[in-house]
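Student: This is the structure, below, for whatever I ask next.
The values are calculated or read from the model by the stated rules, or taken from the named source; none is laboratory data. Because the structure is predicted, anything quoted here is derived from the model rather than measured. We place every Cβ from the backbone using ideal geometry, glycine too, and count neighbours over all the protein chains shown.
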Amino acid sequence: MDKFAIEGGRPLEGVIQVSGAKNAALPVLAATLLTDQEVRLDRIPKVRDIRTMARLLKSLGADVASNSGGYAVRVTEVTSPEAPYELVKTMRASSLVLGPLVARCGEARVSLPGGCAIGARPINLHLAGLEKLGAEISQEHGYIRAHAPNGLAGAVIHFDRVTVTGTEDLMMAAALARGETIIENAAREPEVADLAALLGKMGAAIDGAGTSTIRIQGRSRLHGATHAIIPDRIEAGTFLIAGALTGNPLTIAGVDTRHLAALIDRMRQAGVDFSFPAEDRIEVRAGGRLRAVDLATREYPGFPTDMQAQFLAMMTQAEGESHITETIFENRFMHVSELLRMGADVVLEGNQATVRGKSRLSGAKVMASDLRASACLVIAALTARGETIIDRVYHIDRGYERIEEKLSNVGARIRRTK
Ligand code: EPZ
């Protein structure tokens, strides 16, 4: 198992280029199942979850060619509509093939994803939506089977709670359903709008993506397209927080600042100064005294749960008491016990963490538990005195492309060890 060894306390200076968004790449790769023609996707990040999705598509019958910037995918025919447990257990976003498969070939068998470190993460809302579109859903031997021998028919689907991949799954299924589908209380994340942009290029008729109500006019077939996905707002946010603690200054390039409004707003309240040298660049510098601010994670456009762990690391360096409430997942504070080992002062009560700063962090041996918790530990390690060893960095490889290279290029002392 790979580890990172990080020597903290060094100023970071220079430019980090963000990659394409992992959480946009996963649904657009699944969307290639909706046509028998070639779909070319650019700015796809080379991270583990994407390689897993490519393997899954190949097992379903896709030709997948990767090139420097991304993938060319062609699913001439779905040879096997089954997403096996061996793949799904390593990446729950495999549930994104459920809607496209049942829409394309009337049949889908997807292993139930099973538990996840940050919460139970059921897919009941995906399944209820597919039933509304006319699929028969059954469960046996740990697999979900969706069956629609007569195809899918448009319907009104109301989510009683916002689900990002649920919205994406059903938008893809509805694109090949007969008639109109309306999704109410839809997720508004930029990745949903990016998927809708690709589906539109493939011939789908979709209105309202990015708002709470999405209208889809089904088509009998979709055609090939070329699409470059949006930049990764969570990767960008992660490096912005690292820059707020160590930047001398640090510039993040290739970002869409519109997607970072809630994070930038909260960081400003904490005393972070930003400058915007270009439309797609943000510069951030350490040095100002940071103030503790309270935070509650929300669905987009609120403060993203995927930035909670990284923000909590920053609050250990702020003067005062910060109350951080996680409202999306039931168990997303596993980074806290590792931060305590580094000298942070954090108390957990239910879904709220109280962070008292400013603490002087010192390097320690710590363990990554999930993708964003590991990003939090990297940030803490860059700030701490001395050396930190982070174990199980395969978690970080799921969603951050070449992170040690990007950080080394701006002066961090980070190396990967076996
Ligand atoms: C997406 O996960 C992201 N993953 C997650 O990013 C992100 O944290 C999450 O949205 C919230 O923003 C991808 O886009 C691939 P949800 P998703 O369905 O779609 C409950 C990362 O770090 N729920 O919006 O699985 C669920 O348990 C990952 O890149 C149901 O109860 O999240 C959760 O509490 C982590 N039933 C809440 O809704 C359902 O059928 C939000 O989940 C679906 C969800």
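Student: Taking segment 120-160 only, how many residues are buried (at least 16 other Cβ atoms within 10 Å of the Cβ), more than 16 Å from the ligand (Cβ to nearest atom) and over 28 Å from GLU86 (Cα atoms)?
Tutor: Total meeting the criteria: 6.
Student: Determine which single condition ALA31 fails, assuming it passes every other condition in (1) within 16 Å of the ligand (Cβ to nearest atom); (2) modelled with pLDDT of 95 or more; (3) surrounded by fewer than 17 Cβ atoms within 10 Å (Cβ to Cβ).
Tutor: The failed condition is (3).
Student: Scan segment 34-44 residue by residue and report those that are crowded, with 23+ Cβ neighbours inside 10 Å and either assigned to a strand (DSSP E or B) or out of contact with any Pro (no Cβ under 6 Å at 6 or more places or on another chain) (or both).
Tutor: First, pick out the residues of segment 34-44 that are crowded, with 23+ Cβ neighbours inside 10 Å: 34-35, 39, 41, 44.
Within segment 34-44, THR35, VAL39, LEU41, ILE44 qualify.
Student: Please tell me if ARG74 is among the basic types (Lys, Arg) and within 16 Å of the ligand (Cβ to nearest atom). Talk me through it step by step, then tell me what you get.
Tutor: Values: among the basic types (Lys, Arg): yes; within 16 Å of the ligand (Cβ to nearest atom): no.
Criteria not met by ARG74.
Student: Related question: Kindly indicate the residue of segment 356-371 that is aliphatic (A, V, I, L, M) and buried (at least 20 other Cβ atoms within 10 Å of the Cβ) and also nearest to ARG289 (Cα to Cα) among those meeting that condition. Can you show your working first?
Tutor: Quick first cut of segment 356-371, residues aliphatic (A, V, I, L, M) only: 361, 364, 366-368, 371.
So of that shortlist, the ones also buried (at least 20 other Cβ atoms within 10 Å of the Cβ) come out as 361, 364, 366, 368, 371.
Values: LEU361: 16, ALA364: 25, VAL366: 27, ALA368: 29, LEU371: 29 Å.
Across segment 356-371, the extreme among qualifying residues is LEU361.
Student: Mind counting the residues in segment 154-170 that are over 17 Å from ARG92 (Cα atoms) and touching a residue at least 60 places away in the same chain (Cβ under 8 Å)? First the steps, then the outcome.
Tutor: Filtering segment 154-170 down to residues over 17 Å from ARG92 (Cα atoms) leaves 154-162.
With touching a residue at least 60 places away in the same chain (Cβ under 8 Å) added as a condition, the list becomes 154, 162.
Summing the residues that are over 17 Å from ARG92 (Cα atoms) and touching a residue at least 60 places away in the same chain (Cβ under 8 Å) in segment 154-170 gives 2.
Student: Which of the residues that make up segment 90-109 are closer than 13 Å to LEU56 by Cα and either modelled with pLDDT under 95 or within 13 Å of the ligand (Cβ to nearest atom) (or both)?
Tutor: Matches in segment 90-109: THR90, MET91, ARG92, ALA93, SER94, SER95, LEU96, VAL97, LEU98.
Student: Would you mind stating whether ALA384 is touching a Gly at 6+ places or on another chain (Cβ under 9 Å) and more than 19 Å from ARG413 (Cα to Cα)? Step through it out loud before you land on a result.
Tutor: Details: touching a Gly at 6+ places or on another chain (Cβ under 9 Å): yes; more than 19 Å from ARG413 (Cα to Cα): no.
So ALA384 fails the test.
Student: Just checking, which of ARG233, ARG221, ARG258, ARG268 is surrounded by fewer than 17 Cβ atoms within 10 Å (Cβ to Cβ) and under 19 Å from LEU29 (Cα atoms)? Please lay out each step first, then the result.
Tutor: Values: ARG233 fails: surrounded by fewer than 17 Cβ atoms within 10 Å (Cβ to Cβ); ARG258 fails: under 19 Å from LEU29 (Cα atoms); ARG268 fails: under 19 Å from LEU29 (Cα atoms).
Only one candidate qualifies: ARG221.
Student: Do any residues in segment 370-385 that are more than 19 Å from ARG398 (Cα to Cα) and away from the ligand (no atom under 15 Å from the Cβ) have Cβ atoms under 8 Å from those of residues that are assigned to a helix (DSSP H, G or I) and of a type in the set (Val, Ile, Thr), where the two are at least six apart or on different chains, and which pairs are they?
Tutor: LEU382/THR246; THR383/THR246
Student: ALA353: aliphatic (A, V, I, L, M), buried (at least 22 other Cβ atoms within 10 Å of the Cβ) and closer than 13 Å to ALA309 by Cα, yes or no?
Tutor: Working: aliphatic (A, V, I, L, M): yes; buried (at least 22 other Cβ atoms within 10 Å of the Cβ): yes; closer than 13 Å to ALA309 by Cα: yes.
Yes; evaluated as a whole, the condition is true for this residue.
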